[in-house]
Amino acid sequence: EEALTGYFPAIHAHFVPRPDDIFLASFPKSGTTWLKALSFATLNRAAHRPSDADHPLRRRNPHDCVRFLGASGADEAKDEPAAVLRSPRVLATHLPYSLLPERIREGEGSRIVYICRNPKDVLVSGWLFTKKTSAMFGLDVQSYTLQEVFDLFCEGRCINGPHWQHALEYWEESLRRPGKVLFLMYEEMLREPASSLRKLAEFMGCAFSEEEEDGGLVDAIVELCSLGELKSMDVIKNGSNHLGVKNETYFRKGVIGDWSNHLTPEMAEKLDKIVGDALQGSGLDLSSPTVSN
Ligand code: PAP
């Protein structure tokens, strides 16, 4: 814990959890932006109807509606301390479960929504994102090859890696404490967005009422948060975040299996084997993109 306090000073030293906090947890490039948009729109639907012309999601990147706590993003000790946010707070993290402060994991603990995605698509999405953002800052991207990124990813040498260990920790916790940890699959959400959103709302303690269902609210939120809709907004097309990264970089194709346009069959086979071996017996299967939970 002492070493971690030095490494992630904000989240470990300053953060005081509240019983009604909701954490959105993910390995980078697994659908974080989408999950942020969906949970924000759902929790704030009384104040902001999805049809509102000035809905915050029409004016801001979802990343600016739900902030990261800890390793990446605002420094809890300096700017925008989470303490000023109204309850229930929604905060996001890319940290592995085992590196979350004990205050979040132990006792009553906070509610955590984890979004998981097929690692081959995660890898390719991350490689393309890093190339694009590096080019924005004038860095040489020619030498940043997929082969090199692939080799490092397979060794688990990447931010928050290894991917499968990240997923497994949250998966096991979701089995142990299903009321506290919800495990969602990006691929399942793409296939069944409305039922996934209902599950998310219920878990967050704000299930949709019959009246809301009849009024088409679920579909309206799904539509507002869809890749196409968010991508078409001015703030996404023309804006940048506090790091100077263009908002549009967070929205690319958003499909299942784009890895096949980049990875060779041999690469896919190698990564599938590593992931399959690591997850054997866990009940979590990331080779096929579907999971029953
Ligand atoms: P982050 O870790 O930097 O926040 P994250 O949002 O987790 O990134 O992942 C980005 C991926 O989610 C991109 O996938 P792709 O590169 O394979 O296309 C992005 O396109 C996708 N994405 C972003 N917003 C949405 C959305 N509203 N619906 C579906 N997918 C989305």
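Is there a residue in segment 46-53 that is open to solvent by 30 Å² or more (accessible area, probe 1.4 Å), within 16 Å of the ligand (Cβ to nearest atom) and either modelled with pLDDT of 95 or more or under 22 Å from Val181 (Cα atoms) (or both)?
Checked segment 46-53: no residue is open to solvent by 30 Å² or more (accessible area, probe 1.4 Å), within 16 Å of the ligand (Cβ to nearest atom) and either modelled with pLDDT of 95 or more or under 22 Å from Val181 (Cα atoms) (or both).
For segment 254-268, give me each residue that is surrounded by 12 or more Cβ atoms within 10 Å (Cβ to Cβ), more than 9 Å from the ligand (Cβ to nearest atom) and of a type in the set (Asp, Glu).
Across segment 254-268, there are no qualifying residues.
Given the condition more than 17 Å from Phe183 (Cα to Cα), within 16 Å of the ligand (Cβ to nearest atom) and in contact (Cβ under 8 Å) with a residue 60 or more places away in the chain, answer yes or no: does some residue in segment 92-109 qualify?
No: segment 92-109 contains no residue that is more than 17 Å from Phe183 (Cα to Cα), within 16 Å of the ligand (Cβ to nearest atom) and in contact (Cβ under 8 Å) with a residue 60 or more places away in the chain.
Test Glu169 against the criterion of being open to solvent by 60 Å² or more (accessible area, probe 1.4 Å) and in a helix (DSSP H, G or I), and give yes or no. Working first, answer last.
On the way: open to solvent by 60 Å² or more (accessible area, probe 1.4 Å): no; in a helix (DSSP H, G or I): yes.
Against the criterion (open to solvent by 60 Å² or more (accessible area, probe 1.4 Å) and in a helix (DSSP H, G or I)), Glu169 does not qualify.
Residue-wise test of (1) in contact (Cβ under 8 Å) with a residue 40 or more places away in the chain; (2) open to solvent by 20 Å² or more (accessible area, probe 1.4 Å); (3) over 25 Å from Asp21 (Cβ atoms); (4) of a type outside the set (Asp, Glu).
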site	(1), (2), (3), (4)
Lys120	yes, no, yes, yes
Tyr144	no, yes, yes, yes
Asp151	no, yes, yes, no
Leu175	yes, yes, no, yes
Met189	yes, no, no, yes
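Would you confirm whether or not segment 222-231 contains a residue that is part of a strand (DSSP E or B), surrounded by fewer than 16 Cβ atoms within 10 Å (Cβ to Cβ) and out of contact with any Cys (no Cβ under 7 Å at 6 or more places or on another chain)?
Let us first name the residues in segment 222-231 that are part of a strand (DSSP E or B), namely none.
Looking through segment 222-231, none of the residues is part of a strand (DSSP E or B), surrounded by fewer than 16 Cβ atoms within 10 Å (Cβ to Cβ) and out of contact with any Cys (no Cβ under 7 Å at 6 or more places or on another chain).
Restricting attention to segment 197-213, does a residue exist that is within 16 Å of the ligand (Cβ to nearest atom) and closer than 25 Å to Asn118 by Cα?
Filtering segment 197-213 down to residues within 16 Å of the ligand (Cβ to nearest atom) leaves 197, 200.
Restricting the remaining residues to those that are closer than 25 Å to Asn118 by Cα gives 197, 200.
Yes - at least one qualifying residue is present in segment 197-213.
The values are calculated or read from the model by the stated rules, or taken from the named source; none is laboratory data. If you're wondering where the values come from, they're calculated on a predicted model, not measured in any experiment. Note that each Cβ is placed from the backbone with ideal geometry, even for glycine, and that neighbours are counted across all protein chains shown. Accessible surface is based on the protein model in full, side chains and every heavy atom, while ligands, DNA and RNA are left aside. Shrake-Rupley method; radii C 1.70, N 1.55, O 1.52, S 1.80 Å.
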